[in-house]
1. As an exercise, use a Förster radius of 41 Å and the Cβ-Cβ distance of residue A:28 and residue B:51 to find the FRET efficiency, rounded to the nearest 0.05.
2. For region B:29-114, what log10 I(q)/I(0) values come out of the Debye formula at q = 0.10, 0.12, 0.19, 0.24 1/Å, with one point per alpha carbon and no solvent?
3. Do you know which residues of region A:31-70 lose at least 10 square angstrom of accessible area in the protein assembly compared with their chain on its own, with a 1.4 angstrom probe?
4. For the protein assembly as shown, with all protein chains present and a 1.4 Å probe, just round the carbon and sulfur fraction of the accessible area to a whole percent.
5. May I ask you to evaluate 6.51 cos²θ - 1.76 cosθ + 1.60, the Karplus curve with θ = phi - 60°, for each residue of region A:77-86 and list the ³J(HN,Hα) values in order in whole Hz, giving x for glycine and proline?
6. Report the Stokes-Einstein translational diffusion coefficient (µm² s⁻¹, integer) for the protein assembly as shown, Rh taken as the Kirkwood radius over Cα pairs, at 10 °C with viscosity 1.306 mPa s.
7. Give the Rg/Rh ratio for chain A, taking Rg as the radius of gyration of the Cα atoms and Rh as the Kirkwood radius, to two decimals.
8. Counting heavy atoms of the protein chains only and a 1.4 Å probe, report the per residue accessible area for the protein assembly as shown as a whole number of Å².
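The values are calculated or read from the model by the stated rules, or taken from the named source; none is laboratory data. Values in this document were obtained by computation on a predicted structure and should not be read as measured data. When we count neighbours, we look across all protein chains shown, and the Cβ atoms used for this are built from the backbone with ideal geometry, even at glycine. Heavy atoms of the whole protein, side chains included, go into the accessibility calculation; ligands, DNA and RNA do not. Shrake-Rupley method; radii C 1.70, N 1.55, O 1.52, S 1.80 Å.
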Amino acid sequence: AQKVTQAQTEISVVEKEDVTLDCVYETRDTTYYLFWYKQPPSGELVFLIRRNSFDEQNEISGRYSWNFQKSTSSFNFTITASQVVDSAVYFCALSEAGRRALTFGSGTRLQVQP
Amino acid sequence: DTGVSQDPRHKITKRGQNVTFRCDPISEHNRLYWYRQTLGQGPEFLTYFQNEAQLEKSRLLSDRFSAERPKGSFSTLEIQRTEQGDSAMYLCASSSRGKNTEAFFGQGTRLTVV
């Protein structure tokens with residue numbers, strides 16, 4: 001069975017600090033896909049990134065970066081120089097090849113204080 | 001508006017009543033998903049359509065729940081004989097063809113059963 005664990009329930013930082021959100025996953029499949037979504041107070045889930053299990057290259061997009069390590073089954077998300085607008089709940093999710101359903105973690109609430 | 005649209009945004013109903021929600025996916029997307037999200041948790045998968053075919057259903061989808069996508073475009077989710085435990089945010093998402101492509105979510109329908 002697949003499982004996603006986001007051990008950090010809530011993180012509070014001051015603007016301009018860097019912050020890393022942890023994600024650990026479990027799956028028996030060798031082919032799978034990992035995702036991060038942002039859920040701002042408005043409630044709509046916003047897609048951030050998709051990564052397949054064969055691509056372990058780290059990715060950077062502006063202030064966002066992702067570190068995928070198969071050896072530790074982790075897919076961590078770092079926000080550099082955080083801003084108040086980054087305040088949201090962030091979800092990590094997993095889907096196995098051949099299944100379309102996403103399994104989500106319980107989310108990490110990020111509060112960025114001005 | 002080219003995003004996923006859900007209607008209504010909020011629904012308050014009395015226990016035992018039936019409710020129906022509608023989802024209009026992104027027009028070129030052939031895959032449509034329903035998820036349920038309770039407070040403080042990540043979304044949980046309910047069901048998945050590819051075009052008009054319902055290809056996967058979660059065990060969470062009891063026999064009081066039924067979903068349809070009659071022409072492969074919009075979808076409806078009906079809950080019969082609602083219970084207080086059905087109170088949640090019901091999220092619809094859609095995705096395009098391809099392997100485990102990212103899903104784009106609507107703003108959800110918040111159901112409150114009183």
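1. On the way: r = 29 Å, r/R0 = 0.71.
It comes to 0.90.
2. -0.24, -0.34, -0.85, -1.30
3. So the qualifying set is A:33, A:35, A:37, A:39, A:42, A:43, A:44, A:45, A:47, A:50.
4. Details: 5100 of 11360 Å².
Carbon with sulfur: 45 percent of the solvent-accessible area.
5. Here the 3J(HN,Hα) series is 10, 10, 10, 9, 6, 4, 10, 4, 5, 7 Hz.
6. Details: Rh = 18.2 Å.
D = 87 µm²/s.
7. Working: Rg = 13.7 Å, Rh = 14.2 Å.
My calculation of the ratio gives 0.96.
8. Working: 11360 Å² over 228 residues.
For the protein assembly as shown, the per-residue accessible area is 50 Å².
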